[in-house]
1. Per residue, how much space in cubic angstrom lies within the convex hull of the C-alpha atoms of region 1-82?
2. Compute the helix-to-body angle for 7-18: its Cα long axis versus the longest principal axis of the chain, expressed 0 to 90° and rounded to tens.
3. Compute the acute angle (0 to 90°) between the alpha-carbon long axis of helix 44-59 and the principal axis of greatest extent of the alpha-carbon atoms of the chain; round to the nearest 10°.
4. By how many nm would the segment from residue 214 to residue 142 grow when fully extended, if each residue of separation counts as 0.36 nm and the alpha-carbon distance is taken off?
5. Where q = 0.30, 0.33 Å⁻¹, what log10 of I(q)/I(0) comes from the Debye formula for region 186-233, counting one point per Cα?
6. Identify the residues of region 187-213 with backbone N under 11 Å of a label point that sits 7 angstrom from the Cα of residue 91 along the Cα-to-Cβ direction, or state none.
7. So for region 115-266, averaging the separation of alpha carbon pairs under 8 Å that are six or more residues apart and normalising by length, what relative contact order in percent results?
8. Can you work out ³J(HN,Hα) from phi for every residue in region 24-39, in order, using Karplus 6.51 cos²θ - 1.76 cosθ + 1.60 and θ = phi - 60°, giving whole Hz and x for Gly and Pro?
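The values are calculated or read from the model by the stated rules, or taken from the named source; none is laboratory data. All values reported here derive from a predicted model rather than from experimental measurement. No Cβ is skipped: glycine too gets one built from the backbone with ideal geometry, and neighbour counts run over all protein chains shown. Note: accessible area is taken over every heavy atom of the protein model, side chains too, but ligands, DNA and RNA are not part of it. Shrake-Rupley method; radii C 1.70, N 1.55, O 1.52, S 1.80 Å.
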Amino acid sequence: MPVKDTSKYVLEMRGWLNCQPHLPKDNIDDNLLLRFVHSCYYDLEKAKSAMESFFNIRLSCPELLDGRDPESPQFQKVMSILNIGQIQTPQNECIWIWQLNDPGLDNYDYIQDARYFMLSTDAYFMTNTFLPEVDIVILDAKDMNLKMLTKLNLSVARKLSKYQETALPIRLKQVHVINAPASIDKIFGLLKPFLKKELTDLVHFHAPKSNGLYKFVEKENLPTDYGGVQPSMAEQHLKVISIIMSKRKELMIQSLWRAQPTDKKKVNSSSSSISSFRALAID
């Protein structure tokens with residue numbers, strides 16, 4: 001059931017955040033605080049833990065968050081080969097769609113893809129007040145092949161999977177890999193060790209020309225690329241780019257939503273309240 005009075009949750013989260021000297025305070029509006037509470041089904045302790053993980057993991061990912069100008073050649077290149085869609089449905093779902101358009105994988109860069117994922121989701125969280133009951137991810141693997149194995153960066157993959165599993169304020173219920181090639185087992189097998197069983201159990205693979213996706217997602221909620229009636233993925237992506245560009249200034253802030261580095265020696269010798277903070281380093 002939807003929670004009618006959310007103000008007390010926001011106040012609790014704001015009060016907690018203000019008492020954490022190592023966590024950021026800027027560019028954190030009430031909607032972001034509420035999003036964490038909502039994603040944790042209004043369990044405040046879980047919401048606090050998720051938000052702290054969100055800030056701490058971001059501290060450990062400079063390669064994904066430094067130098068984020070969406071107008072840079074690097075981001076313009078990745079925007080030219082990826083389409084991203086963020087679709088709200090009448091069933092109170094959010095469908096996140098990733099579509100690669102690079103058949104030979106000649107232009108694909110895994111780290112830039114991960115950077116773009118972080119950029120686009122940040123922009124979404126900054127601008128969208130929709131709190132879905134269910135989040136569904138669709139990955140279009142039509143252009144994936146064994147060459148993808150040479151593109152992956154396992155260090156980044158490990159950080160990204162931890163971020164997605166423990167920190168993103170969404171209610172992930174399904175992950176669908178559509179147009180899955182025969183080589184998908186090898187590609188997924190390389191990533192699987194970094195994923196919790198709870199996440200791998202959500203993954204469904206659908207072969208090319210399969211109608212299996214429609215058993216899980218209403219066809220009319222999908223873009224025309226996939227037999228639905230929603231705007232095409234190219235149009236969806238233009239909307240995402242527009243949102244990103246509207247928040248370009250904020251997205252380029254180097255410290256955006258990152259915890260502060262903590263001197264471990266200082267933490268160990270300080271008051272008990274400070275020493276109780278979780279270690280910030282991500283192994």
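1. Per residue, the Cα convex hull of region 1-82 comes to 134 Å³.
2. 70
3. It works out to around 80 degrees.
4. The span from residue 214 to residue 142 would gain 24.2 nm if fully extended.
5. Debye intensities relative to I(0), on a log10 scale: -1.04, -1.15.
6. Those under the cut-off are none; the list is empty.
7. 25
8. x, 10, 7, 6, 10, 8, 4, 5, 5, 4, 5, 4, 5, 5, 4, 5
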